[in-house]
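The values are calculated or read from the model by the stated rules, or taken from the named source; none is laboratory data. For clarity, every value in this text was computed on a predicted model and none was experimentally measured. FYI the Cβ positions are ideal-geometry reconstructions off the backbone, even for glycines, and counts take in every protein chain you see. We work out accessible area using only protein heavy atoms, side chains counted, and drop any ligands, DNA or RNA first. Shrake-Rupley method; radii C 1.70, N 1.55, O 1.52, S 1.80 Å.
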Amino acid sequence: METKIIKGNEALAEGAVRGGCRFYAGYPITPQSEILEWMSWRQKEVGGVFVQGESEIASVNMVFAARALGARAMTSSSGPGFSLKQEGIAYWVSAGVPAVVACVQRFGIGDGYISAGQDNYWQAVKGGGNGDYHLITLAPNSVQECLDMAYESFELAEKWMHPVLILSDGTIGQMMEPCTMPVMKEYDMDQPWAAKGTAIGEGENKVITDITYFQDIDEWNAGYIEKMRKIQKDEQRWEEFNIDDADVILVAYGISSRVAQRSVEIARKKGIKLGLIRPITLWPYPRKAFEKINKNCKGIVTLEMNMMGQMLEDVKIAVSCKFPCYALATAQKVAPTDEVIAFCQKVMDGKVKETEVF
Amino acid sequence: MKVKLDVDRCKGCYLCIANCKIGAISKDDKPNKKGVIPVKVDQEKCVQCGNCYTMCPDLVFEIL
Amino acid sequence: MSNRSKKAPKIMKCENKFCAGCGHSLFDRILGEVLTEMNIIGETIVCSDIGCNHMFQYSMAVDVIVPPHGKMGAALTAQKRVRPDKYAITIAGDGGAYAIGLAETVAAATRNENVTMFVMNNTLYAMTGGQAAPTTQLGQISASTPKGRTEKDHGLDFDVFNVMRNLDIAYLARTSVANPSEIRKTKNAVKKAIEKQRDNKGFSLVEVLVPCPTNWGLKPVDAMKRIENELMVRYEMGEIIDK
């Protein structure tokens, strides 16, 4: 298999293409524009379709249509652009359209500050649009994972007939690393569920919509909630480092997880017993990972690039508030390892107040 | 018979009556299943112009 | 059977859910007839808007996708590009196509996407109870212009011909369903618009003036008279682009 040195965003785009993506629509926004730019020539090469939509709203709804007709289709955005897509994504969910969206997080509220950040977490995992849903949310922490997750995303979405979100961040998206390229997947867009025209006498015509209009709503609700529960149970993914004997456990995803992992390595050499849980799926949140925490653990610290410690509440839920929980929320900055280690040391020494959940 | 009616589809808009140039359509006496007074056609008068079919939003008419 | 015989096509699979005298149901049958006569039901995927117009789904046997309200210009673009061998058609409302979805409608037209939009203009938002739309006429009373639309308070109304007449598109026409003669013109325009798509000529849009007796507070017959006496006078009718 060939190896290339490319950017995280480019890897994400190429992973999707090799995973069978043959329709992409998007709108430029920093720091994800490389996905759009890559797709603009790459889709042409592989016989797919690239459309630069007139807005994020147009793009997300183009993806609805392309996917409803069977093509593996995706869009991508960041920050306020991702906000604009939420209505469209809710329609994907209610119609069971297995499309893929990538959000390369930046920092800030509204227009915000276009540096790297991780403050779309709440929007990403707590819904985003209207109604009871979560997206299956994958969080890459390397260029290779950007590619691998995009490569796998359509099969995951089709397995559940539910959209997949790849929640990257500006640092992971912009950095370059060597990346191994998998083989191109073939995909037949004439899927049984896809709308492709039904002549009279050929059977029931397809209506790809919020199915509650056509089915008993209680029945639909029951089926949907069962599916969501099953995803929650079956799809939790995480990585863990040194958690068995850890005095303090870090929890981090994306770029922050790389700092956290390095902090654990450095601390361990100094005899400071840190551990790390890295959620790979942000929804379903990997609650199972937290069952293994030893009862002597003095605290759990999330490391994340936002101001309010957005992931903290998921950690508190995962441990049923049995351990003191803290957030080292570094806003637009990637934390240096010594700062992380120093914070964890203070937690061990009982010198930090538990962090409030906003 | 020149025109067949599915009177239970009739919602009582009476666009057919307004557009029947020869006055072959009129209101019936009794309500249909929907509870609206449907229309009836004078088969003798009917010239099968098709205006009733054309103007009916509810597919009540079939011109034979 | 005589050569005058007329029967609703099989695509109209059951009773519709529209109000008495509704223009949507008239249009749906016209479209059903054209799809049947062109023998393309199995090659057609209709993109729904959201509003009263979307109730065609319940009574027409044709494949449908339902994106959010107004986003048909975008969805049709994608439909046609991923399946160029299928017809990409929408039955839209005026609020969907000209207000919340104006950007998508005009963007699809400026790109001259090879798709077809049928826009039902009933001069208001019907499903939500008759509020003003871009097409609400000056002086017209609606649920959100209780004293009538004025230029000062609500701005001028929208005319798609003014927006699209200079665009490089294949077909642009306005018809109505007010009487049998207008219905024949509508059917002809529907057929021509779809033929433009068949012949890869590009974007086609037919605006159809349809009555909403319920929200206009008129009897169905009087609602048709309003179209004839007011709307068909105010609007330029017929084909203005036919390439």
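Given the conditions (1) within 14 Å of chain A (Cβ to nearest Cβ); (2) touching a Pro at 6+ places or on another chain (Cβ under 7 Å); (3) buried (at least 22 other Cβ atoms within 10 Å of the Cβ); (4) touching a residue at least 40 places away in the same chain (Cβ under 8 Å), report the number of the one that residue C:75 does not fulfil.
Of the numbered conditions (1) within 14 Å of chain A (Cβ to nearest Cβ); (2) touching a Pro at 6+ places or on another chain (Cβ under 7 Å); (3) buried (at least 22 other Cβ atoms within 10 Å of the Cβ); (4) touching a residue at least 40 places away in the same chain (Cβ under 8 Å), the odd one out for residue C:75 is (4).
Among the residues of the stretch A:180-198, which ones are without any contact (Cβ under 8 Å) to a residue 24 or more places away in the chain and within 12 Å of another protein chain (Cβ to nearest Cβ)?
A:197, A:198
Look at residue A:161 and say whether it is closer than 25 Å to residue A:61 by Cβ, in the same structural domain as residue A:15 (by TED's automatic domain parsing), open to solvent by less than 60 Å² (accessible area, probe 1.4 Å) and more than 18 Å from the chain's Cα centre (by Cα). Even if it seems obvious, please write down each step before you answer.
Details: closer than 25 Å to residue A:61 by Cβ: yes; in the same structural domain as residue A:15 (by TED's automatic domain parsing): yes; open to solvent by less than 60 Å² (accessible area, probe 1.4 Å): yes; more than 18 Å from the chain's Cα centre (by Cα): no.
No; evaluated as a whole, the condition is false for this residue.
Quick one: count up the residues across the stretch C:114-136 that are farther than 27 Å from residue C:44 by Cβ, among the polar types (S, T, N, Q) and open to solvent by 10 Å² or more (accessible area, probe 1.4 Å).
Result for the stretch C:114-136: 2.
If residue C:195 meets every condition in (1) in contact with a helix residue (DSSP H, G or I) (Cβ under 6 Å, 6 or more places away or on another chain); (2) of a type in the set (Asp, Glu); (3) open to solvent by 10 Å² or more (accessible area, probe 1.4 Å) apart from one, which number is that one?
(1)
Out of the residues in the stretch C:31-71 that are of a type in the set (A, V, I, L, M, F, W, C), under 16 Å from residue A:67 (Cβ atoms) and touching a residue at least 24 places away in the same chain (Cβ under 8 Å), which is nearest to the other protein chains (Cβ to nearest Cβ)?
Going through the stretch C:31-71, the residues of a type in the set (A, V, I, L, M, F, W, C) turn out to be C:31, C:34-35, C:38, C:40-41, C:45-47, C:50, C:52, C:55-56, C:60-62, C:64-66.
After this cut, where a residue has to be under 16 Å from residue A:67 (Cβ atoms) as well, the list is C:45, C:47, C:64-66.
Add one more test, that the residue is touching a residue at least 24 places away in the same chain (Cβ under 8 Å), and what stays is C:45, C:47.
Numbers: C:45: 5, C:47: 7 Å.
Only one residue tops the list, namely C:45.
Being open to solvent by 30 Å² or more (accessible area, probe 1.4 Å), away from chain A (no Cβ under 14 Å) and of a type outside the set (A, V, I, L, M, F, W, C) is the filter here, so list the residues in the stretch C:8-30 that pass it.
The answer is C:15, and nothing else.
Just to check your reading of the model, which residue among B:60, B:36 is open to solvent by less than 50 Å² (accessible area, probe 1.4 Å) and more than 9 Å from chain C (Cβ to nearest Cβ)? Please lay out each step first, then the result.
On the way: B:36 fails: more than 9 Å from chain C (Cβ to nearest Cβ).
That would be B:60, the only listed residue that is open to solvent by less than 50 Å² (accessible area, probe 1.4 Å) and more than 9 Å from chain C (Cβ to nearest Cβ).
Of the residues C:92, C:103, C:133, which is of a type in the set (Gly, Ala, Ser) and closer than 27 Å to residue C:39 by Cα?
From the options C:92, C:103, C:133, the qualifying one is C:92.
For residue A:271, all conditions in the list (1) open to solvent by 10 Å² or more (accessible area, probe 1.4 Å); (2) under 19 Å from the mean Cα position of the chain (by Cα); (3) at positive phi hold save one; what is the number of the exception?
Against the list (1) open to solvent by 10 Å² or more (accessible area, probe 1.4 Å); (2) under 19 Å from the mean Cα position of the chain (by Cα); (3) at positive phi, residue A:271 comes up short only on (2).
Kindly list, by first and then second residue, each pair from a residue in the stretch A:343-356 that is open to solvent by less than 60 Å² (accessible area, probe 1.4 Å) to a residue that is of a type in the set (D, E, K, R), limited to pairs with Cβ atoms under 7 Å and residues at least 6 apart or on different chains.
A:347/A:298; A:348/A:247; A:348/A:298; A:352/A:346
When the residues of the stretch C:86-105 are narrowed to those that are facing another protein chain (nearest Cβ under 9 Å) and within 17 Å of residue C:201 (Cα to Cα), which ends up least open to solvent (accessible area, probe 1.4 Å)?
The residue in question is C:88.
Restricting attention to the stretch A:4-42, and to residues there that are surrounded by fewer than 20 Cβ atoms within 10 Å (Cβ to Cβ) and not charged (D, E, K, R), which single residue is farthest from residue A:82 (Cα to Cα)? Full working, then the answer.
So the first thing to find is which residues in the stretch A:4-42 are surrounded by fewer than 20 Cβ atoms within 10 Å (Cβ to Cβ), and the list is A:4-5, A:18, A:28, A:30, A:33, A:37, A:40-42.
This time we only want the ones that are not charged (D, E, K, R), so: A:5, A:28, A:30, A:33, A:40-41.
Numbers: A:5: 27, A:28: 11, A:30: 11, A:33: 13, A:40: 20, A:41: 23 Å.
If we take residues in the stretch A:4-42 being surrounded by fewer than 20 Cβ atoms within 10 Å (Cβ to Cβ) and not charged (D, E, K, R), then A:5 is farthest from residue A:82 (Cα to Cα).
On the basis of being more than 12 Å from every other protein chain (Cβ to nearest Cβ) and within 16 Å of the chain's Cα centre (by Cα), does residue C:206 make the cut?
yes
If you check A:206, A:230, which single one turns out to be in the same structural domain as residue A:157 (by TED's automatic domain parsing) and open to solvent by 50 Å² or more (accessible area, probe 1.4 Å)? Show your work before the answer.
Details: A:206 fails: in the same structural domain as residue A:157 (by TED's automatic domain parsing).
Going through A:206, A:230 in turn, the sole match is A:230.
Could we say that residue B:35 is within 12 Å of the chain's Cα centre (by Cα) and small (Gly, Ala, Ser) here? It would help to see each step written out before you state the result.
Values: within 12 Å of the chain's Cα centre (by Cα): no; small (Gly, Ala, Ser): yes.
Criteria not met by residue B:35.
Among the residues of the stretch C:150-191, which ones are open to solvent by 50 Å² or more (accessible area, probe 1.4 Å) and basic (Lys, Arg)?
Matches in the stretch C:150-191: C:152, C:165, C:184, C:185, C:187, C:191.
Can you find, within the stretch A:293-322, the residue that is least open to solvent (accessible area, probe 1.4 Å) among those that are touching a helix residue (DSSP H, G or I) at 6+ places or on another chain (Cβ under 6 Å) and charged (D, E, K, R)?
Filtering the stretch A:293-322 for residues that are touching a helix residue (DSSP H, G or I) at 6+ places or on another chain (Cβ under 6 Å) and charged (D, E, K, R), the one least open to solvent (accessible area, probe 1.4 Å) comes out as A:304.
Residue-by-condition table, conditions (1) more than 23 Å from residue C:241 (Cβ to Cβ); (2) of a type outside the set (A, V, I, L, M):
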{"site": "C:41", "(1), (2)": "yes, no"}
{"site": "C:49", "(1), (2)": "no, yes"}
{"site": "C:55", "(1), (2)": "yes, no"}
{"site": "C:58", "(1), (2)": "yes, yes"}
{"site": "C:65", "(1), (2)": "yes, no"}
{"site": "C:94", "(1), (2)": "no, yes"}
{"site": "C:111", "(1), (2)": "no, yes"}
{"site": "C:115", "(1), (2)": "no, no"}
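Go through A:94, A:142 for me and flag whichever is more than 20 Å from residue A:159 (Cα to Cα) and either open to solvent by 20 Å² or more (accessible area, probe 1.4 Å) or touching a strand residue (DSSP E or B) at 6+ places or on another chain (Cβ under 9 Å) (or both).
Working: A:94 fails: more than 20 Å from residue A:159 (Cα to Cα).
Criteria check complete, one pass: A:142.
If residue B:15 satisfies every condition in (1) closer than 23 Å to residue C:33 by Cβ; (2) touching a Pro at 6+ places or on another chain (Cβ under 6 Å); (3) aliphatic (A, V, I, L, M); (4) more than 8 Å from every other protein chain (Cβ to nearest Cβ) but one, which is the exception?
With respect to (1) closer than 23 Å to residue C:33 by Cβ; (2) touching a Pro at 6+ places or on another chain (Cβ under 6 Å); (3) aliphatic (A, V, I, L, M); (4) more than 8 Å from every other protein chain (Cβ to nearest Cβ), residue B:15 is out only on (4).
Out of contact with any strand residue (DSSP E or B) (no Cβ under 9 Å at 6 or more places or on another chain), open to solvent by 10 Å² or more (accessible area, probe 1.4 Å) and more than 11 Å from chain C (Cβ to nearest Cβ) - does that describe any residue in the stretch A:113-124?
Let us first name the residues in the stretch A:113-124 that are out of contact with any strand residue (DSSP E or B) (no Cβ under 9 Å at 6 or more places or on another chain), namely A:122.
Then drop every residue that is not open to solvent by 10 Å² or more (accessible area, probe 1.4 Å), which leaves A:122.
Add one more test, that the residue is more than 11 Å from chain C (Cβ to nearest Cβ), and what stays is A:122.
Within the stretch A:113-124 (the criterion being out of contact with any strand residue (DSSP E or B) (no Cβ under 9 Å at 6 or more places or on another chain), open to solvent by 10 Å² or more (accessible area, probe 1.4 Å) and more than 11 Å from chain C (Cβ to nearest Cβ)), the answer is yes, since at least one residue qualifies.
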